[in-house]
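Participant: Below is a structure I'd like to ask you about.
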Amino acid sequence: MYRVFLFFLVGSFTCQVYAQDTTQQMIPGRTNSGEQQQKPYLILISADGFRWDLADKYHAVHLLSLRKGGVAAEKMIPSYPSVTFPNHYSLATGLYPSHHGIVNNTFYDRKKGRGYRINDRTAVQDSSWYGGLPIWVLAEQQRMVTANYFWVGSEAAVAGVHPSYYYYYNSKTSMDSRLQRVKDWLSLPEDRRPHLILFYMSQVDHAEHLYGPDSKEAGEAVHLVDDVIGRMTQMVDSLHLSVNYIFVADHGMAAVDTLHGLTLPSSIDTTKFTVSGTETLVSLYAHDKKDIASQYAALKKEKPDGWNIYLPDETPAHWHYTSRDDRYGRMGDILLAAQYPRMLYLSDHHVHLGEHGYDNHLSDMGASFYAWGPAFKKRLVIPAFENVNVYPLIARILGLSLPEGLDGKPEVLKGILR
């Protein structure tokens with residue numbers, strides 16, 4: 001008997017296929033404390049796959065104007081692996097994936113005896129998969145109301161806490177409706193008005209996967225996101241509130257080699273290992289630890305084309321993806337990392353023209369980071385930084401006490417605040 005959990009997905013929420021609930025979820029009885037009612041507001045926006053150079057490449061007029069009046073990073077470095085779920089949850093927790101437990105879009109947990117997949121509704125809503133303390137949980141614990149539109153982890157009651165207002169992911173709700181909901185949230189009475197709103201968009205990632213990051217379709221998706229940002233800021237400005245914005249992406253995107261797709265190495269013994277992963281990172285989980293050395297030796301002897309073969313403690317230090325980091329035992333015993341620009345491909349799988357998940361220091365994996373509003377300095381460009389540092393920045397703006405043990409450091413982005 002063997003188990004193989006390999007899923008070849010379009011890297012974002014857009015591939016989820018379960019029944020879609022479009023109604024707003026609300027937790028009754030939540031209110032801001034008197035102290036929190038005096039705090040500023042912050043909207044954290046993620047455009048999946050919005051590489052660091054896309055606003056300039058496709059001349060996103062609203063984003064270019066807004067970042068000019070605020071702060072722009074040369075790029076933001078995603079956590080490894082540079083895929084959607086781990087990085088959205090790193091942004092939300094200030095922890096590397098190996099520390100918060102969402103170690104890939106698809107992975108296996110030996111203790112649970114089952115896998116996590118981004119299109120598995122049961123897993124996505126199961127709080128036992130999620131470590132750390134998401135920023136909305138931190139705020140709610142300190143009597144600050146939050147709202148969430150589709151951020152990774154928000155459908156689960158992490159530490160027993162949901163956002164006050166949230167949605168199950170669905171692809172049916174129009175952007176007009178989503179924008180109106182943001183305005184509605186900020187129009188609520190002060191005691192019920194969210195001071196932190198998280199807002200997710202998938203369009204750029206989807207277009208880049210299907211057509212490539214240099215395609216007309218990718219440009220159209222960038223303009224769609226830019227239009228949403230322009231309309232959002234106009235709607236929110238009409239409310240005359242002190243609102244700050246942070247615009248991020250989870251990762252970048254690279255054009256890939258579509259002529260030389262990878263296959264799994266023939267030496268993998270699927271009777272002794274559970275195999276799980278994505279197009280760019282595959283993990284082998286030994287049923288018996290005694291088999292790791294022989295399987296690793298077989299892979300190194302095979303020298304499979306297009307793959308880097310690692311034991312966890314052989315991975316690059318900047319990945320923070322070693323056995324010492326693996327707090328939940330989910331990374332795997334042997335790792336197969338696709339060599340850029342190659343990707344794992346099966347004959348019945350649509351060929352992606354764009355892909356991510358590669359080394360997080362690869363330039364094309366770099367994400368966007370812009371911030372504007374009354375809390376931020378103007379006309380400031382800063383060097384590249386790791387995305388785990390966004391969490392303490394948000395906490396500082398909202399006056400929230402930080403939990404211990406973060407990978408992100410408050411001092412990294414302290415200088416961008418007024």
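The values are calculated or read from the model by the stated rules, or taken from the named source; none is laboratory data. All values derive from a computational prediction rather than experimental measurement. Cβ placement follows ideal geometry from the backbone for every residue including glycine, while neighbour counts extend to all protein chains displayed.
Participant: Can you tell me which residues in the range 351-365 are at pLDDT 95 or above and either in contact with a Cys (Cβ under 8 Å, 6 or more places away or on another chain) or surrounded by fewer than 24 Cβ atoms within 10 Å (Cβ to Cβ) (or both)?
Facilitator: Matches in the range 351-365: LEU353, ASP359, HIS361, LEU362, SER363, ASP364.
Participant: For the range 347-401, which residues satisfy the criterion of being under 25 Å from ILE43 (Cα atoms), touching a residue at least 24 places away in the same chain (Cβ under 8 Å) and part of a helix (DSSP H, G or I)?
Facilitator: The answer is MET365, ASN387, VAL388, ASN389, VAL390, TYR391, PRO392, LEU393, ILE394, ALA395, ILE397, LEU398.
Participant: Every residue in the range 312-326 that is buried (at least 16 other Cβ atoms within 10 Å of the Cβ) and in a loop (DSSP other than H, G, I, E, B), please.
Facilitator: THR315, HIS320, TYR321, THR322, ASP325, ASP326
Participant: Can you confirm whether the range 10-26 contains a residue that is touching a Gly at 6+ places or on another chain (Cβ under 9 Å), closer than 28 Å to SER242 by Cα and either at pLDDT 95 or above or exposed (fewer than 13 other Cβ atoms within 10 Å of the Cβ) (or both)?
Facilitator: Looking through the range 10-26, none of the residues is touching a Gly at 6+ places or on another chain (Cβ under 9 Å), closer than 28 Å to SER242 by Cα and either at pLDDT 95 or above or exposed (fewer than 13 other Cβ atoms within 10 Å of the Cβ) (or both).
Participant: Out of the residues in the range 366-407 meeting the condition of being buried (at least 16 other Cβ atoms within 10 Å of the Cβ) and polar (S, T, N, Q), tell me which one is farthest from GLY252 (Cα to Cα).
Facilitator: ASN389
Participant: Looking for something surrounded by fewer than 23 Cβ atoms within 10 Å (Cβ to Cβ) and either modelled with pLDDT under 95 or among the aliphatic types (A, V, I, L, M) (or both) - is there at least one such residue anywhere in the range 81-97?
Facilitator: No; the residues of the range 81-97 include none that is surrounded by fewer than 23 Cβ atoms within 10 Å (Cβ to Cβ) and either modelled with pLDDT under 95 or among the aliphatic types (A, V, I, L, M) (or both).
Participant: Right, TYR296: in contact (Cβ under 8 Å) with a residue 24 or more places away in the chain, surrounded by 15 or more Cβ atoms within 10 Å (Cβ to Cβ), among the aromatic types (Phe, Trp, Tyr) and not assigned by TED's automatic domain parsing to the domain that holds SER98 or not?
Facilitator: yes
Participant: Out of everything in the range 233-252 that is of a type in the set (Val, Ile, Thr) and in a strand (DSSP E or B), what residue ends up being nearest to ASP205 (Cα to Cα)?
Facilitator: Filtering the range 233-252 for residues that are of a type in the set (Val, Ile, Thr) and in a strand (DSSP E or B), the one nearest to ASP205 (Cα to Cα) comes out as VAL248.
Participant: Restricting to the range 193-209, name every residue that is within 19 Å of the chain's Cα centre (by Cα) and of a type outside the set (Val, Ile, Thr).
Facilitator: Passing the criteria: LEU196, LEU198, PHE199, TYR200, MET201, SER202, GLN203, ASP205, HIS206, ALA207, GLU208, HIS209.
Participant: Being of a type outside the set (Lys, Arg), part of a strand (DSSP E or B) and under 30 Å from VAL61 (Cα atoms) is the requirement here; does TYR285 meet it?
Facilitator: no
Participant: Sticking with this one: Considering only helices (runs of 4 or more DSSP H) fully contained in the range 61-155, which possess at least 1 residues that are aromatic (Phe, Trp, Tyr)?
Facilitator: 84-93, 135-141
Participant: Would you mind finding the one in TYR211, TYR245 that is over 30 Å from GLY306 (Cβ atoms) and either surrounded by fewer than 16 Cβ atoms within 10 Å (Cβ to Cβ) or not acidic (Asp, Glu) (or both)?
Facilitator: Among TYR211, TYR245, only TYR245 is over 30 Å from GLY306 (Cβ atoms) and either surrounded by fewer than 16 Cβ atoms within 10 Å (Cβ to Cβ) or not acidic (Asp, Glu) (or both).
Participant: Which of the residues that make up the range 235-273 are of a type outside the set (Gly, Ala, Ser) and out of contact with any helix residue (DSSP H, G or I) (no Cβ under 9 Å at 6 or more places or on another chain)?
Facilitator: Those that are of a type outside the set (Gly, Ala, Ser) and out of contact with any helix residue (DSSP H, G or I) (no Cβ under 9 Å at 6 or more places or on another chain): ASP237, HIS240, VAL256, ASP257, THR258, LEU259, HIS260, LEU262, THR263, LEU264, THR270, THR271.
Participant: Are there any pairs, at least 6 apart or on different chains, whose C-beta atoms fall under 6 Å, with the first in the range 313-326 and in the same structural domain as TYR296 (by TED's automatic domain parsing) and at negative phi and the second of a type in the set (D, E, K, R) and exposed (fewer than 13 other Cβ atoms within 10 Å of the Cβ), and if so, which?
Facilitator: Matching pairs, first to second residue: THR322/ASP313; SER323/ASP313.
Participant: If you don't mind, there's one more thing I want to ask. Are any residues in the range 164-211 among the hydrophobic types (A, V, I, L, M, F, W, C) and either outside the structural domain of ASN119 (by TED's automatic domain parsing) or in a helix (DSSP H, G or I) (or both), and if so, which ones?
Facilitator: MET175, LEU179, VAL182, TRP185, LEU186, VAL204, ALA207, LEU210 - these are the residues of the range 164-211 that are among the hydrophobic types (A, V, I, L, M, F, W, C) and either outside the structural domain of ASN119 (by TED's automatic domain parsing) or in a helix (DSSP H, G or I) (or both).
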